[in-house]
Amino acid sequence: MAFPATIVILPLGILFILSGLIVNIIQAIFFLLLRPISKNCYRRVNKLLTESLWLELIWLVDWWAGIKIELHTDSETFQLMGKENALVICNHRSDIDWLIGWVLAQRCGCLGSTVAIMKKEVKYLPVLGWSMWFAEYIFLERSWKKDETSLKSGFEHLEHMPLPFWLALFVEGTRFTQTKLLQAQEFAASKGLPTPRNVLIPRTKGFVTAVSNLRKFVPAIYDCTYAVPKSEASPTLLRIFKGISCSVKVQIKRQKMVELPETDDDIAQWCKDTFVAKDAMLEKYNTTEMFSDQELQQIRRPKTSVLGFVTAVSNPVSYTHLDVYKGQHMF
């Protein structure tokens, strides 16, 4: 059921900002007092703090808007999700792709230890951006000279994470739009590359750097493909706040890192080939409505996001002490 945006956004926004600022303050205290003593202990505590805040957004997806997420992957990959370090790449279709990724991470037990490569400007945003900074997200300036150093430094920090993590990288570099698709098609034609129809051409420098630096302690790449049925509008934050539901389909293919090529050029070509295959898969879905031949896994909405939200409403301080993420409270 849809609700007027102004009625919903104001109270939910105030709640999120107030509870988020409380979490940020607690994060800052632990950063100053605990991190110098034990970085691993700080990371474990910060994981719970981060989850307590992000569960409020997951509540919006799960229980307010009722977004239906279908996960297609093989049983072996499904069992490993959340139990191993992984580099996650996916097509960038909407402005909440990152939030869908958080939902999947929450289902698998690694929400608080999920990180991403983001634009530098994001870290200055109160609540969400500050929380990402405390969670050791990697921020880039879109200047390769500076970004290469930032990436390598960020990857070095990840090597010593005490808990399994997902590192998300949108290799297209920007969200898919028709204007950007036309630009990508023109570029492909000028370079003799396959013409994309449903994805943009990946920017491979960051991906090659990630693989080269992560392969010794990250065993797998999760190749994710997002799709929304043609009959439904793509989800947005505004539509979620209005309580408008939709369906999102996700396929994950696990690629062992040791099976990737060794040279930079070959790694870049693997990434390009992966997006060509992704484009063909999405084109097939658009024409036949058959999304994936992978097994449909059951991922159910957890009670923890409801408990976290209700506790935040009643007492924004105490909710940060919830052990919000064991995965045992499922419908």
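The values are calculated or read from the model by the stated rules, or taken from the named source; none is laboratory data. In this text, all values refer to a predicted model and were calculated from it rather than measured experimentally. We place every Cβ from the backbone using ideal geometry, glycine too, and count neighbours over all the protein chains shown.
Before we move on, is Val122 over 23 Å from Ile96 (Cα atoms) and either crowded, with 19+ Cβ neighbours inside 10 Å or touching a Phe, Trp or Tyr at 6+ places or on another chain (Cβ under 9 Å) (or both)? Spell out how you get there, then give the answer.
Details: over 23 Å from Ile96 (Cα atoms): no; either crowded, with 19+ Cβ neighbours inside 10 Å or touching a Phe, Trp or Tyr at 6+ places or on another chain (Cβ under 9 Å) (or both): yes.
Considered against the rule, which asks whether it is over 23 Å from Ile96 (Cα atoms) and either crowded, with 19+ Cβ neighbours inside 10 Å or touching a Phe, Trp or Tyr at 6+ places or on another chain (Cβ under 9 Å) (or both), Val122 comes out as no.
How many residues does region 257-272 contain that are surrounded by 12 or more Cβ atoms within 10 Å (Cβ to Cβ), part of a helix (DSSP H, G or I) and either touching a residue at least 12 places away in the same chain (Cβ under 8 Å) or basic (Lys, Arg) (or both)?
Result for region 257-272: 6.
Tally the residues that are surrounded by fewer than 21 Cβ atoms within 10 Å (Cβ to Cβ) and in a strand (DSSP E or B), restricting the search to region 232-250.
Matching residues across region 232-250 total 2.
Among residues belonging to region 103-112 that are touching a residue at least 60 places away in the same chain (Cβ under 8 Å) and either farther than 16 Å from Glu84 by Cα or more than 11 Å from the chain's Cα centre (by Cα) (or both), point out the one that is surrounded by the fewest Cβ atoms within 10 Å (Cβ to Cβ).
My answer is Gly109.
Specify which of the listed residues (Lys284, Lys253, Lys278) is out of contact with any Pro (no Cβ under 8 Å at 6 or more places or on another chain), within 21 Å of Ser94 (Cβ to Cβ) and in a strand (DSSP E or B).
Numbers: Lys284 fails: in a strand (DSSP E or B); Lys278 fails: in a strand (DSSP E or B).
Checking each option against the conditions leaves just Lys253.
Just wondering, is there one or more residues in region 54-68 that are under 26 Å from Lys146 (Cα atoms), touching a residue at least 60 places away in the same chain (Cβ under 8 Å), assigned to a strand (DSSP E or B) and not aromatic (Phe, Trp, Tyr)?
Scanning region 54-68, I find no residue that is under 26 Å from Lys146 (Cα atoms), touching a residue at least 60 places away in the same chain (Cβ under 8 Å), assigned to a strand (DSSP E or B) and not aromatic (Phe, Trp, Tyr), so the answer is no.
Which ones in region 206-231 are among the β-branched types (Val, Ile, Thr) and in a loop (DSSP other than H, G, I, E, B)? Give the steps one after another, and end with the answer.
Of the residues in region 206-231, the ones among the β-branched types (Val, Ile, Thr) are 208-209, 211, 218, 221, 225, 228.
Selection gives Val218, Val228.
With the condition kept exactly as written, say whether any residue in region 131-153 is among the charged types (D, E, K, R), closer than 23 Å to Ser38 by Cα and in contact with a Gly (Cβ under 9 Å, 6 or more places away or on another chain). I'd like the intermediate steps shown before the answer.
Taking region 131-153 and keeping what is among the charged types (D, E, K, R), we get 136, 141-142, 145-148, 152.
After this cut, where a residue has to be closer than 23 Å to Ser38 by Cα as well, the list is 136, 152.
Still in the running and in contact with a Gly (Cβ under 9 Å, 6 or more places away or on another chain): 136.
Yes: one or more hits.
Pairs needed: first member in region 18-47, assigned to a helix (DSSP H, G or I); second member anywhere, among the basic types (Lys, Arg); C-beta distance under 7 Å; at least 6 residues apart or different chains.
Tyr42/Arg35
Which number in (1) assigned to a helix (DSSP H, G or I); (2) at pLDDT 95 or above marks the one condition that Leu10 misses?
Against the list (1) assigned to a helix (DSSP H, G or I); (2) at pLDDT 95 or above, Leu10 comes up short only on (2).
Among the helices (runs of 4 or more DSSP H) lying completely within region 123-205, list those that include at least 3 residues that are within 20 Å of the chain's Cα centre (by Cα) and without any contact (Cβ under 8 Å) to a residue 60 or more places away in the chain. Lay out the reasoning, then the answer.
Values: elements: 128-134, 144-158, 178-191.
Because the criterion is at least 3 residues that are within 20 Å of the chain's Cα centre (by Cα) and without any contact (Cβ under 8 Å) to a residue 60 or more places away in the chain, the helices (runs of 4 or more DSSP H) in region 123-205 that meet it are 128-134, 144-158.
Do you know which residues across region 173-200 are modelled with pLDDT of 95 or more, closer than 27 Å to Trp98 by Cα and charged (D, E, K, R)?
The answer is Lys180, Arg197.
Among Asp147, Asp97, which is closer than 29 Å to Met281 by Cβ, modelled with pLDDT under 95 and crowded, with 18+ Cβ neighbours inside 10 Å?
Only one candidate qualifies: Asp97.
Is it true that Leu181 is among the aliphatic types (A, V, I, L, M) and out of contact with any Asp or Glu (no Cβ under 6 Å at 6 or more places or on another chain)? Working first, answer last.
On the way: among the aliphatic types (A, V, I, L, M): yes; out of contact with any Asp or Glu (no Cβ under 6 Å at 6 or more places or on another chain): yes.
So Leu181 passes the test.
Out of the residues in region 175-205 meeting the condition of being touching a helix residue (DSSP H, G or I) at 6+ places or on another chain (Cβ under 6 Å) and of a type in the set (Ser, Thr, Tyr), tell me which one is surrounded by the fewest Cβ atoms within 10 Å (Cβ to Cβ). First the steps, then the outcome.
Going residue by residue through region 175-205, those that are touching a helix residue (DSSP H, G or I) at 6+ places or on another chain (Cβ under 6 Å) are 194-202, 204.
Filter once more, keeping what is of a type in the set (Ser, Thr, Tyr): 195, 204.
On the way: Thr195: 14, Thr204: 19.
Among residues in region 175-205 that are touching a helix residue (DSSP H, G or I) at 6+ places or on another chain (Cβ under 6 Å) and of a type in the set (Ser, Thr, Tyr), the one surrounded by the fewest Cβ atoms within 10 Å (Cβ to Cβ) is Thr195.
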